[in-house]
Amino acid sequence: MSFSSPNAVGEPVTESEYLAGERQSLERHEYRDGVVVELPGSSRDHSLIVGNIAGLIGREIRNSAHELYCVAMRVRVPHAHVICYPDIVVCVEPECLDEQNDVLLNPTFLCEVMSPRTIEYDCGLKAQAYRTLASLREFLLVEQCQATVEHFVRESQDTWRIRRVEGLAGLISIESLRCTLDVADVYARVRAMQ
């Protein structure tokens with residue numbers, strides 16, 4: 001299956017069909033309840049923010065059992081019928097969909113850096129989908145164009161605490177990873193913040 005013109009005939013695809021095509025594709029696509037959606041490319045600022053966060057978290061968890069993946073690890077969200085590419089994924093003892101080991105089933109932490117093109121979906125349906133993942137303990141939604149981070153922390157199966165940090169002076173304590181991020185470090189070298 002080619003994704004050069006996803007769902008051109010309007011026919012939904014199965015997860016298996018999506019994965020067969022995606023594993024051969026040069027571009028990245030998400031699976032959203034039978035619809036294949038091409039992902040936009042990254043900007044310099046987006047790449048810097050992802051790299052900054054991954055570096056900060058990576059240093060803190062390097063001597064733990066946690067594994068950190070950037071940009072290319074797919075995550076399956078079964079209740080929402082979604083397979084997506086979070087910008088940063090952390091888990092312990094990864095469980096994958098199959099022997100390809102490229103679709104994670106049990107993330108404990110996720111991070112999305114939101115561009116103007118993705119912010120509506122990331123804050124809406126994608127954030128709702130993430131909250132259905134039983135293994136997920138925390139996730140961040142990080143705005144690319146202003147120093148704003150929303151930190152979601154699971155308190156019970158269906159209850160999440162949300163903390164919004166605005167400005168470069170804030171700190172984000174990621175309890176499940178035992179690390180704290182300085183917002184100024186998250187946005188280091190990002191042009192919009194200088």
Q.
So, in the stretch 77-135, how many residues would count as being charged (D, E, K, R) and over 25 Å from Asp45 (Cα atoms)?
A. 6
Q: Output the number of the condition that Ala72 fails; it satisfies all remaining conditions of (1) within 17 Å of Tyr121 (Cβ to Cβ); (2) modelled with pLDDT under 95; (3) assigned by TED's automatic domain parsing to the domain that holds Tyr121.
A: (1)
(Q) Based on this model, can you work out whether Ala188 counts as of a type in the set (A, V, I, L, M), surrounded by fewer than 18 Cβ atoms within 10 Å (Cβ to Cβ), at pLDDT 95 or above and out of contact with any Lys or Arg (no Cβ under 6 Å at 6 or more places or on another chain)? (A) yes
**Q.** Search result, residues across the stretch 152-178 that are out of contact with any Lys or Arg (no Cβ under 8 Å at 6 or more places or on another chain) and of a type in the set (S, T, N, Q)
**A.** Ser156, Gln157, Thr159, Ser173
Q.
Among the residues of the stretch 137-153, what is the count of those that are surrounded by fewer than 20 Cβ atoms within 10 Å (Cβ to Cβ) and within 16 Å of Pro107 (Cα to Cα)?
A. 3
Q | Test set (1) in contact (Cβ under 8 Å) with a residue 40 or more places away in the chain; (2) within 21 Å of His81 (Cα to Cα); (3) among the hydroxyl-bearing types (Ser, Thr, Tyr) - Thr14 fails condition number | A | (1)
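The values are calculated or read from the model by the stated rules, or taken from the named source; none is laboratory data. All values reported here derive from a predicted model rather than from experimental measurement. Cβ: placed from backbone, ideal geometry, glycine included. Neighbour counts: every protein chain shown.
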